[in-house]
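Since the structure comes first, as structure tokens, the remarks are kept for the end.
The values are calculated or read from the model by the stated rules, or taken from the named source; none is laboratory data. Remember, predicted model here, so these are calculated numbers, not experimental data. Virtual Cβ from ideal backbone geometry, glycine too; neighbours counted across all protein chains shown. Side chains included, ligands, DNA and RNA excluded: accessible areas come from the protein's heavy atoms. Shrake-Rupley method; radii C 1.70, N 1.55, O 1.52, S 1.80 Å.
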Amino acid sequence: MTEKKPYYITTPIYYPSDNLHLGHTYTTIIADTLKKYKEIQGYDVFFTTGTDEHGQKLFQKSEEAGKTPLDYIDPIVASAKELWKKLEINYDAFVRSTDPQHEKNVQDIFQKLYDKGEIYKSVYKGHYCTPCESYWTDAQLVEGKCPDCGREVHYHEEESYFFKLSAYRDRLLKLYEDHPEFIQPESRKNEMINNFLKDGLEDLSVSRTGFDWGVPVPFDEKHVIYVWIDALSCYLTGIGYGRVEKEFNRYWPANVHLVGKEIVRFHTIIWPALLMALDLPLPERVFGHGWILFDADKMSKSKGNVVYPEPIIDLYGIDALKYFVLREFTFGQDGNFVTEKFIQRMNSDLCNDLGNLVSRTIAMIEKYNAGIIPAADKKEDVDNELIQTATEALTIVEDYMESLNFSQALEEIWKVIRRTNKYIDETTPWILAKEKDEERLDTVMYNLADSLRIISTLLKPFLSHTVERISIQMNFNDLFWEDAGDFGKTAPGTKVHKTENLFPRLDVKKEVERLQAENKKLIEKRKKEKMAENNKDEIIEETKEEFITIDDFDKVKLQVGLIEKAERHPDADKLLVFQVKVGEETRQIVSGIKKWYEPEELVGKKVIVCMNLKPVKLRGVESNGMLLAADKGEKLTMLSVLEDIEDGAEVS
Ligand code: ME8
């Protein structure tokens, strides 16, 4: 027997600052599906995931809860593991970064880098964003705020160890050039080059002194190792780095690091540079997928738009959730989670297309052939078309899977499903039965059964439960991947029997309400549990960033203005240029509302003006202030006043 080739997949190790949501589940489902797919293809796959448990943010969270960090983190880690169990995620290593073995390995890595002269001590100066645990330079700040999360930063200086990242710029550029597949999708590579590498790289601060919830620097206990060396090393420690050399050498380098787009930078700049410094081979590729958005916004607990996977699994099963996330979101791009779409896809793709095909096929074989799959002897052209679509799908699916395009791979399988359904309509078995053309009817039944075999085989890595349920009814024993490229592998004489419908037909409105209610219930339940644990009446910290104080509000100067003049912007289709009288003064304001208003419509209208917005030039025309408008997605409408009031009046 030939030895199986190793294949190594990782997900990020997630922060256990809160229960994991649909976003984390997305990456993990992708990794698990890829694992199943590679295993079916004969690889020996290792899959590492875990939790990233150090850092100031987690420390602060635990302090707010009045707990030690581990007391705070442990239940969240347990619930993450519970979730993966519920989803039948088949990981091989779950690295907790607080695991003593991992911590020791991280210290060894740090020591090794220091001994090699890759790390040196200096002073870090910059603007620090606590939630992101990142320092930013003046130039990187956006309007004085953190460029990643938009929150307040504070200036800070501290002694720190630095990794000589700057020395790796040219090697990184060469890596991208020699291995175009290293960063995927391609667009992310350009982002990395343009945003971070083009103008040179700075050395990276890799230790902190302000808190001690981290792995101590082995030769200077005043410092803890800053999160990224600690977190990224999980990909090594998960497969036994410094511990089980044989296992490590077998699986390293990784074939795919799956990550969300926001941490591509860490995985394609810092990580390969660290590996180069450690003289370790580099991973084959880093895939930065897009975000699952909710109402076009990133899911976050503070925004109250978290979707938890548990209610979806409880109500509709693992396969429905997997199918939706793998099919709906084009891998690499952002996509909106819309509950209606989830239910609609269950109805159209799972219930109508797949479910109906299975139940119609089995019902007909039972009716016309006493439940025994007949042999096929009387072929017609229409059969060849079906056979071609069915047998060609294998290589197309493989190609899509090679580029991790799960959505298109599933679409390809659905092409076969839809083609097979069409075949029933084209061959009209009920008429063949009426006309007693038994030979032809047998051929049609056989072709349907064998197409279902191919479909089931191709679906195995994606929807294993569904395939199992089809296999029980169709009496498929072994479904071999390679056989999906051949027609005629189903043995005539196989007995089928109908037991259940695969997917029920759902009432969209009712189910949307039900699912949203269940998600809300879970959010409330988790909130209450936390309150009970922390002995609090109300969890204020979760939502505090949503509120501003009256002092904050007072900072915004709003006044009533009279539009005296409105014209099209000379260089921009979407912009209008207004002259707005506000009491004694007249302001020039540029506004992006051309799509909704003709300039003439607005002259003479009273509007609300934000007076103290920093002046900007928009396509070369200066704008001093902002006109307020209400946004209803499709339509913008200008804000005005109910009663006539002098321009210049203050809005408060
Ligand atoms: O960044 N859509 O952890 P994290 C899609 N600990 N994917 C999402 C998502 C969303 N809305 N939200 C989260 C960290 N993810 C570090 C990683 S790795 C050495 C250290 C997924 O808890 C996605 O994979 O913030 C993203 O990169 C990851 O969760 C971030 O998880």
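Could you run through the stretch 247-297 and say how many residues are within 11 Å of the ligand (Cβ to nearest atom), free of Cβ contacts under 8 Å to residues at least 60 places away in the same chain and of a type outside the set (D, E)?
The number of residues fulfilling the criteria is 6.
For the stretch 447-474, which positions are basic (K, R) and in contact with a helix residue (DSSP H, G or I) (Cβ under 7 Å, 6 or more places away or on another chain)?
Initial filter on the stretch 447-474 (basic (K, R)): 453, 460, 469.
The answer is K460, and nothing else.
Within the group E328, E340, which residue is charged (D, E, K, R) and within 16 Å of the ligand (Cβ to nearest atom)? Give the derivation first.
Values: E340 fails: within 16 Å of the ligand (Cβ to nearest atom).
Result: E328 is the single residue among E328, E340 that is charged (D, E, K, R) and within 16 Å of the ligand (Cβ to nearest atom).
Every residue in the stretch 84-107 that is more than 30 Å from the chain's Cα centre (by Cα) and open to solvent by less than 70 Å² (accessible area, probe 1.4 Å), please.
Q107
Taking the stretch 48-72, which residues are assigned to a helix (DSSP H, G or I), more than 23 Å from the chain's Cα centre (by Cα) and crowded, with 17+ Cβ neighbours inside 10 Å?
Residues of the stretch 48-72 that are assigned to a helix (DSSP H, G or I), as a first pass: 56-64, 69-72.
Now drop any that are not more than 23 Å from the chain's Cα centre (by Cα), which leaves 56, 59-64, 69-72.
Of everything in the stretch 48-72, those that are assigned to a helix (DSSP H, G or I), more than 23 Å from the chain's Cα centre (by Cα) and crowded, with 17+ Cβ neighbours inside 10 Å turn out to be Q56, F59, Q60, K61, S62, P69, Y72.
Conditions: (1) closer than 24 Å to Y26 by Cβ; (2) surrounded by 19 or more Cβ atoms within 10 Å (Cβ to Cβ); (3) in contact with a Pro (Cβ under 8 Å, 6 or more places away or on another chain); (4) not hydrophobic (A, V, I, L, M, F, W, C). E511 meets all but one. Number of the miss?
The one condition E511 does not meet is (3).
This table checks each residue for (1) open to solvent by 30 Å² or more (accessible area, probe 1.4 Å); (2) within 19 Å of H267 (Cα to Cα); (3) touching a residue at least 40 places away in the same chain (Cβ under 8 Å).
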position	(1), (2), (3)
P180	yes, yes, no
E186	yes, yes, no
D203	yes, yes, yes
V206	no, yes, yes
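Which residues, taken from the stretch 1-35, are among the polar types (S, T, N, Q) and within 6 Å of the ligand (Cβ to nearest atom)? Give the derivation first.
Pass one, the stretch 1-35, residues among the polar types (S, T, N, Q): 2, 10-11, 17, 19, 25, 27-28, 33.
Hit for the stretch 1-35 is T27, nothing else.
Return the pair list, or none, for Cβ contacts closer than 7 Å from residues in the stretch 61-86 that are of a type in the set (F, W, Y) to residues that are outside any loop (DSSP other than H, G, I, E, B) and surrounded by 16 or more Cβ atoms within 10 Å (Cβ to Cβ), at least 6 apart or on different chains.
Y72/K61; Y72/S62; W84/T28
Go through (1) under 27 Å from I372 (Cβ atoms); (2) out of contact with any Ser or Thr (no Cβ under 7 Å at 6 or more places or on another chain); (3) open to solvent by less than 20 Å² (accessible area, probe 1.4 Å) one by one and return the number of the condition L448 breaks.
(2)
Residues in the stretch 394-419 that are under 11 Å from I455 (Cβ atoms) and in contact with a Ser or Thr (Cβ under 6 Å, 6 or more places away or on another chain): how many?
Selection size over the stretch 394-419: 2.
Can you find a residue that is open to solvent by less than 30 Å² (accessible area, probe 1.4 Å), touching a residue at least 24 places away in the same chain (Cβ under 8 Å) and within 10 Å of the ligand (Cβ to nearest atom) anywhere in the stretch 315-323?
no
Restricting the stretch 466-506 to residues that are closer than 21 Å to D383 by Cβ and polar (S, T, N, Q), which is most open to solvent (accessible area, probe 1.4 Å)?
From the stretch 466-506, those closer than 21 Å to D383 by Cβ are 474, 476, 483-494, 496; that's our starting set.
With polar (S, T, N, Q) added as a condition, the list becomes 490, 494.
Values: T490: 9, T494: 27 Å².
Among them, the one singled out is T494.
Test Y120 against the stated conditions and say whether it is in a strand (DSSP E or B) and within 31 Å of the chain's Cα centre (by Cα).
Working: in a strand (DSSP E or B): yes; within 31 Å of the chain's Cα centre (by Cα): no.
The answer is no for Y120.
Have a look at T49, T98 and point out the one that is within 16 Å of the ligand (Cβ to nearest atom), of a type in the set (V, I, T), under 30 Å from V467 (Cα atoms) and at pLDDT 95 or above. Walk me through it before giving the result.
Numbers: T98 fails: under 30 Å from V467 (Cα atoms).
Just a single option satisfies the conditions, and that option is T49.
Which ones in the stretch 117-174 are basic (K, R) and farther than 23 Å from K57 by Cβ?
Matches in the stretch 117-174: K121, K164, R169, R171, K174.
Going through the stretch 607-652 one residue at a time, which ones are touching a Pro at 6+ places or on another chain (Cβ under 8 Å), in a strand (DSSP E or B) and open to solvent by less than 50 Å² (accessible area, probe 1.4 Å)?
V621, S623
All but one of (1) modelled with pLDDT of 95 or more; (2) within 13 Å of the ligand (Cβ to nearest atom) hold for V307, so report the exception by its number.
That leaves (1) as the condition not met.
Looking only at the stretch 53-75, decide whether some residue is among the aliphatic types (A, V, I, L, M) and away from the ligand (no atom under 13 Å from the Cβ). First the steps, then the outcome.
Taking the stretch 53-75 as the starting set, the residues that turn out to be among the aliphatic types (A, V, I, L, M) are 58, 65, 70, 73.
The next check asks that each one be away from the ligand (no atom under 13 Å from the Cβ); those that pass are 65, 70.
Yes, there is a match, as at least one residue in the stretch 53-75 is among the aliphatic types (A, V, I, L, M) and away from the ligand (no atom under 13 Å from the Cβ).
Only residues that are surrounded by fewer than 16 Cβ atoms within 10 Å (Cβ to Cβ) and part of a helix (DSSP H, G or I): list them for the stretch 361-373, please.
Matches in the stretch 361-373: A363, E366, K367.
Look through the stretch 550-575, keep the residues that are aliphatic (A, V, I, L, M) and closer than 16 Å to K606 by Cα, and return whichever of them is most open to solvent (accessible area, probe 1.4 Å). Outline the logic, then answer.
Taking the stretch 550-575 as the starting set, the residues that turn out to be aliphatic (A, V, I, L, M) are 550, 556, 558, 560, 562-563, 566, 572, 575.
Checking which are closer than 16 Å to K606 by Cα leaves us with 558, 560, 562-563, 566.
Details: L558: 24, V560: 4, L562: 42, I563: 2, A566: 20 Å².
In this case the residue turns out to be L562.
Kindly provide the set of residues from the stretch 144-175 that are over 29 Å from K222 (Cα atoms) and in contact (Cβ under 8 Å) with a residue 40 or more places away in the chain, ordered by number.
R171, L172, L175
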